[in-house]
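Below is one structure, written out as structure tokens; comments come after it.
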Amino acid sequence: MRIKMTDGRILIGAFVCTDKDRNIILGSCDEYVNSPDSDEKEEPRVLGLAMVPGHHIVSIEIDDPET
């Protein structure tokens, strides 16, 4: 799952759960300050298990690692 946040960061990880406030828990999560699709290559920051506050989520996509 790929989540874009209000500050421009992108989190990619495995969906674990959500709650009534739209907070999302991601497992095996990596954080990208620049888009992982951009020409500028940057190493992701490994977060592991991460809670993403619902009010900071701009968009949610299914991330297909085979594309």
* For the chain, size of Cβ-based charge dipole, Lys and Arg +1, Asp and Glu -1, in debye -> 360
* Structure fact -> With the 8 Å Cα cutoff and a minimum separation of six or more residues, the chain has a relative contact order in percent of 37
* Structure fact -> Note: the chain, point scatterers on Cα, Debye, no solvent; log10 I/I(0) at q = 0.18 Å⁻¹ equals -0.62
* **Two-site label geometry, H55 and D7: point separation in nm, points 7 Å out along Cα→Cβ** => 1.5
* Would you mind counting up the charge near V46? Only other residues with Cβ under 15 Å from its Cβ, with Lys and Arg at +1 and Asp and Glu at -1. => -2
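Just so you know, all these numbers are worked out from the coordinates, no wet-lab data involved. Just so it is clear, the structure is predicted and the values come from calculations on it, not from any experiment. Cβ: placed from backbone, ideal geometry, glycine included. Neighbour counts: every protein chain shown.
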